[in-house]
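Shown next, in structure tokens, is the structure this report addresses.
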Amino acid sequence: MFHLAGLVRAMCAQDFMHVNAGGVEGVAAACAEQVDRPVLMLVSSMAAAGPSNETPKTESDLPLPVSAYGRSKLAGEQAAGRYASAVPITIVRPCVVFGAGDRAVYEVFKPIARSGVHVVAGRGDMRVSLIAVADLVECIVLAAQRGERLAGDAPGRGIYFAAAEDISQVELGGAIAQALGAERPRIAHVPEWAMRAIGLGGDVVSRVRRRPGWISRDKISELLAGSWTCSSAKARRQLGWSPAAPLAARLGETAQWYRDARWL
């Protein structure tokens, strides 16, 4: 049983909790009721673990989410854990996922493609781990087939981070420009106070339109929390997983998909 559903945009924290924690609770309970109980493969998020700052996060690190979204994903993991004695459960925590059809990272591609500008918070030296969706799928399948299962008395057991490469915000702009066949973008450094104002503005627009947008105070709080890097050493060691292509190639595939879909 693969549980990949989740809410990534919401009008309030309660909506996140209802879907990302309550939904997991319902699925895990249904699995526990089965005579032949399936393996429950839960796709969570690095947001549940929180930012890494200087050292990449590992599975056994204490989770410290900094956003309503991250807290809801952690609550979902904890809900799954309550059924670990009855259901074999494994969790994969992806970092930033990109690829065909993705709209979140598209918002980073778009200004580079259209105006040659890459917006970064502060100096832009904070680092982030990325993974292409095709490589993430392979990691999820391997984890379901032969991964550890959750155990309440062993921190990090049954959990795998999925990440391909780490890159700074500024470097990411250059890598996307290269994938687009464009010149290196101009970097627009936005101070923290302005980023928070942008997040507040996003919330106001969402309330007026009565639907959540990609920019919000919750999302900005994640962006300003520091670096978001994680180690995939455990998945590589235990599952024999590794990305099938380098980051540059995956960004190129994504850029081509956006063009073919006429998003760019």
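With respect to being aromatic (Phe, Trp, Tyr), surrounded by fewer than 16 Cβ atoms within 10 Å (Cβ to Cβ) and outside any helix (DSSP H, G or I), Trp241 falls outside the description.
If you go through segment 122-144 and keep only what is part of a helix (DSSP H, G or I) and buried (at least 21 other Cβ atoms within 10 Å of the Cβ), you end up with Asp135, Leu136, Cys139, Ile140, Ala143. Inspection of segment 166-183 finds no residue satisfying the criterion of being outside any helix (DSSP H, G or I), modelled with pLDDT of 95 or more, touching a Lys or Arg at 6+ places or on another chain (Cβ under 8 Å) and buried (at least 21 other Cβ atoms within 10 Å of the Cβ). Based on what the data block shows, is Glu148 in contact (Cβ under 8 Å) with a residue 12 or more places away in the chain, closer than 26 Å to Ala261 by Cβ, out of contact with any strand residue (DSSP E or B) (no Cβ under 6 Å at 6 or more places or on another chain) and of a type in the set (D, E, K, R)? The answer is no for Glu148. Residues in segment 145-165 that are among the acidic types (Asp, Glu) and part of a loop (DSSP other than H, G, I, E, B): 2 in all. When you look at Arg196, is it surrounded by fewer than 14 Cβ atoms within 10 Å (Cβ to Cβ), part of a helix (DSSP H, G or I) and of a type outside the set (A, V, I, L, M, F, W, C), yes or no? When the stated conditions are applied, Arg196 does not pass them. Being touching a residue at least 60 places away in the same chain (Cβ under 8 Å), closer than 18 Å to Phe98 by Cα, more than 18 Å from the chain's Cα centre (by Cα) and surrounded by fewer than 19 Cβ atoms within 10 Å (Cβ to Cβ) is the requirement here; does Trp214 meet it? The answer is no for Trp214. One residue alone among Ile187, Ile220 is among the hydrophobic types (A, V, I, L, M, F, W, C) and out of contact with any strand residue (DSSP E or B) (no Cβ under 6 Å at 6 or more places or on another chain), and that residue is Ile220. Please verify whether segment 125-134 includes one or more residues that are among the polar types (S, T, N, Q), in contact (Cβ under 8 Å) with a residue 12 or more places away in the chain and in contact with a strand residue (DSSP E or B) (Cβ under 8 Å, 6 or more places away or on another chain). Checking segment 125-134: at least one residue is among the polar types (S, T, N, Q), in contact (Cβ under 8 Å) with a residue 12 or more places away in the chain and in contact with a strand residue (DSSP E or B) (Cβ under 8 Å, 6 or more places away or on another chain).
Being hydroxyl-bearing (Ser, Thr, Tyr) and within 13 Å of the chain's Cα centre (by Cα) is a property that holds for Tyr69.
Looking across segment 188-222, the residues that are of a type in the set (Gly, Ala, Ser) and over 23 Å from Gly173 (Cα atoms) come down to Gly201, Ser206. Among the conditions (1) surrounded by 13 or more Cβ atoms within 10 Å (Cβ to Cβ); (2) touching a helix residue (DSSP H, G or I) at 6+ places or on another chain (Cβ under 9 Å); (3) more than 22 Å from Phe109 (Cα to Cα), the only one that Lys234 does not satisfy is (2). Counting only strands (runs of 3 or more DSSP E) that sit wholly inside segment 9-121, those with at least 1 residues that are without any contact (Cβ under 8 Å) to a residue 40 or more places away in the chain and not polar (S, T, N, Q) are 96-98.
The values are calculated or read from the model by the stated rules, or taken from the named source; none is laboratory data. No experiment lies behind these values; they were computed from the predicted model shown. Positions of Cβ are generated from backbone atoms using ideal geometry, with glycine treated the same way; all protein chains shown enter the neighbour counts.
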